[in-house]
1. Pairs of alpha-carbon atoms within less than 8 angstrom and 6+ residues apart define the contacts here; what relative contact order does segment 224-335 have, in percent?
2. Please report how far the C-alpha centroid of segment 205-261 lies from that of segment 286-335, rounded to the nearest whole angstrom.
3. What percent of all Cα-Cα pairs in segment 223-327 falls in each 5 Å bin, counting up from 0?
4. Near the amide H of Cys79, under 5 Å away, which other amide H atoms are found, from residues 5 or more places off or on another chain, if H is placed in the peptide plane?
5. Compare the peptides 144-155, 126-137 by average per-residue count of other Cβ atoms within 10 angstrom and give them in order, highest first.
6. R0 = 35 Å: FRET efficiency of Leu333 with Ile3, Cβ-based, nearest 0.05?
7. What net charge do the residues around Thr228 carry, taking every other residue with its C-beta under 14 Å from that of Thr228, with Lys and Arg at +1 and Asp and Glu at -1?
8. Taking 0.36 nm per residue of sequence separation and subtracting the Cα-Cα distance, how much length would be gained by fully extending the chain between Asn288 and Ala96, in nm to one decimal?
Amino acid sequence: MGISVLTGGIWSAEISRSGEAGEASEVSEAGQERDGKFFSVFQIVKFKNEACTTNTGEMGTCYTESECQSAGGTPAGSCASSFGSCCLFKAQTCGAEINQNNSYIESPMYPSSYSGGMCMYTMKKCDSKICQFRLDFEDVMLAQPNAGDCNNDSLVISQVDAVSTKVVPMSLCGTLTGQHMYLTVKNSDPAKIAFSVTSMTSMSRWKIRVTQIMCDDTAILAPEGCLTYDMGDSGDIMSYNYDSGSGALINNQMFCHCIKKTDNYCDIALSSNGFDLGTDDSLTFGNNKQTGTTFGSSGMLNWNFTGPYCALVESGVDGSTNNGGYSIGYLKLPC
């Protein structure tokens, strides 16, 4: 998304030599005297402002140290063969803005709990050619839904492109740690993320990493309409707030879990780690719609490839039965 240039001056000197007393000063082959004259040689180092790992184990962006500080970041280790500084960017107060790739949004006084009501952050593109944000919920703990509704604590995302507005849940809550979300922002800037904490006994806190994806970085851009996007040949897809089976399904959701197509792989083997949906909830793989508490045959299902891998989730308006949601393992199969 950019290139840093580091310059350093190296000064050398070459003094004209004299022979015996009375001898004339030596003259170079070019006929130029070098009597005490100095010259400078400049070294120019260029490196890309790419992702790097800070000395805290968090993700940062490689800049020169002065660029990092000017941009409001914290130098946290070296990068670019020690020519650059791995710059850590964090928004840690309500109302703060992030405008750099690989930035973090943290609750005030994180990892201590937050109980201060509404807290909003602005997510601004670092480049006009950014098309998507990927949000990684590294540590997000909010109050559990009430009969499927997030009317205690909530996380709400706004000001994204229409294609994301259609699929992003109206609100999320509960335990979201380890999950992720893609937001399309090609035609919008900035986006907003707001937390509302109303529970007086809440242990709410959050830490979210925001990765900005260029429009031409097709290898990692999620297909339009995909809220989650897994690129590995195996992995897990799960409902928000699944929480290892201890959470509850959130109402009013309709989006796709997407899996990236890999050359020479076709069908996908699915296995249930946990499956508990209500009568008006469903998870559909191709033409195979799953609901209730039984997944496939003995917890197994084969997903025949007929086009994009899009597992459609639909949850209803009544979560009074407090269904637990789903966690489904997947494995791509060779053609």
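Quick note: the coordinates plus some simple rules give every number you see, no bench work behind them. Bear in mind that the values here come from a model prediction, so they are computed numbers and not experimental data. So basically every Cβ, Gly included, is an ideal-geometry build from the backbone, and we count neighbours across all protein chains shown.
1. The normalised contact order for segment 224-335 reaches 42 percent.
2. First find each Cα centre; the distance between them is then 15 Å.
3. Per 5 Å bin, starting at 0, the Cα pair percentages come out as 2, 13, 24, 26, 20, 10, 4, 1, 0.
4. Under 5 Å from the amide H of Cys79: Gly84, Ser85, Cys86.
5. Ranking the peptides 144-155, 126-137 by packing returns 144-155, 126-137.
6. With R0 = 35 Å, the Cβ-Cβ based efficiency is 0.25.
7. In short, -2.
8. Contour length minus Cα-Cα distance gives 64.7 nm.
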